[in-house]
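Data block below; observations after.
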Amino acid sequence: MIDAPTRRPAQPPSRPASDTPLRVLRVDSSSRYDGSVTRALGDHFTDELRRAHEGAVQVTRRDVAQGLPFINEAWIAANFTRAGERTAEQTEHLRQSDALVSELQDADVIVLAVPVYNFGIPATLKAWVDLVARAGLTFRYTADGPEGLLRGKRAYVILASGGTPIGGEIDFASSYLRHVLGFIGIKDVTILGAERLNTKREASLAHAKQDIENAVAALRRQIARAA
Ligand SMILES: Cc1cc2nc3c(=O)[nH]c(=O)nc-3n(C[C@H](O)[C@H](O)[C@H](O)COP(=O)(O)O)c2cc1C
């Protein structure tokens, strides 16, 4: 994690106080560093954001490709024990998960940079999802069904694929991420993709960069309107 922000209550991105920066959580998940398309497009997104907001952007980075633990029996038992009743050991089991949830709670904008792996998301990103989907913290069960608890946030998912059309029937990454982000309360999700890089690399990259620039400009306008 770099550029860690100081903790303060989450605020809708549509109504930032004029003197506070836009808080962005960027999550990378490609196992590649050299030549990674999603990392390069993630850089483009945050560079554009900084340019549009004249630098008033605070980026927290989380690189899940560096490794996250999978949830296990002890973690599940700790998670389903009330906060005040957990043993010191159980509290420790949840420490990293708590930190990942805090990063989400503190962000106005979430940027997920995601390669399509085997028609879905990287296992490391699924580990992140398992660690942040926490009953009582990011969602809760009500008489009417589950309710997401993360409010006033928007997410941008930057996908890259070799041959799978993004948004098509066999792209389970887009549909899964849109659903699970909505489940924890982030309903405003924009999918931006560099698709089918194996066959139309240059056109696809140019298209993705343009889509990113348009998305950042649209966000800037929305924030300006709400200010
Ligand atoms: C393990 C692995 C599995 C992949 N599975 C798919 C796939 O199911 N569909 C697809 O279109 N591309 C697939 N690809 C290609 C990647 O999505 C593509 O290379 C993308 O650019 C990877 O993102 P990155 O450049 O940020 O690493 C796969 C690549 C790897 C390494």
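Bear in mind that the values in this text are calculations on the coordinates, not laboratory data. Quantities reported herein were computed from a predicted structural model and do not represent experimental measurements. Note that each Cβ is placed from the backbone with ideal geometry, even for glycine, and that neighbours are counted across all protein chains shown.
The DSSP beta bridges internal to the range 91-200 are antiparallel in roughly 25% of cases. By DSSP, the beta bridges lying fully in the chain are antiparallel in about 15 percent of cases.
For the chain, the membrane-span-like helices by this rule, meaning whole DSSP H stretches whose C-alpha atoms cover at least 18 Å of axis and whose Kyte-Doolittle mean is -1.0 or above, are 37-52, 197-226; this says nothing about an actual membrane. The Cα center of the range 89-124 and the Cα center of the range 162-202 differ in position by 17 Å. With a ≥ b ≥ c the root eigenvalues of the C-alpha gyration tensor of the range 26-168, is it rounded (a/c under 1.5), prolate (a/b larger than b/c) or oblate? Because a/c hits 1.5 or more and a/b exceeds b/c, the range 26-168 counts as prolate.
About its Cα centre, the dipole of the chain is roughly 480 debye, where the only charges are +1 on Lys and Arg Cβ and -1 on Asp and Glu Cβ. Under the combined filter of DSSP loop state and at most 12 neighbouring Cβ atoms within 10 Å, the range 141-206 retains none of its chymotrypsin sites (Phe, Trp or Tyr not before Pro). In the chain, taking the dipole from charged Cβ atoms about the Cα centre, the farthest positive-side position among Ala56, Leu137, His207 is held by Ala56.
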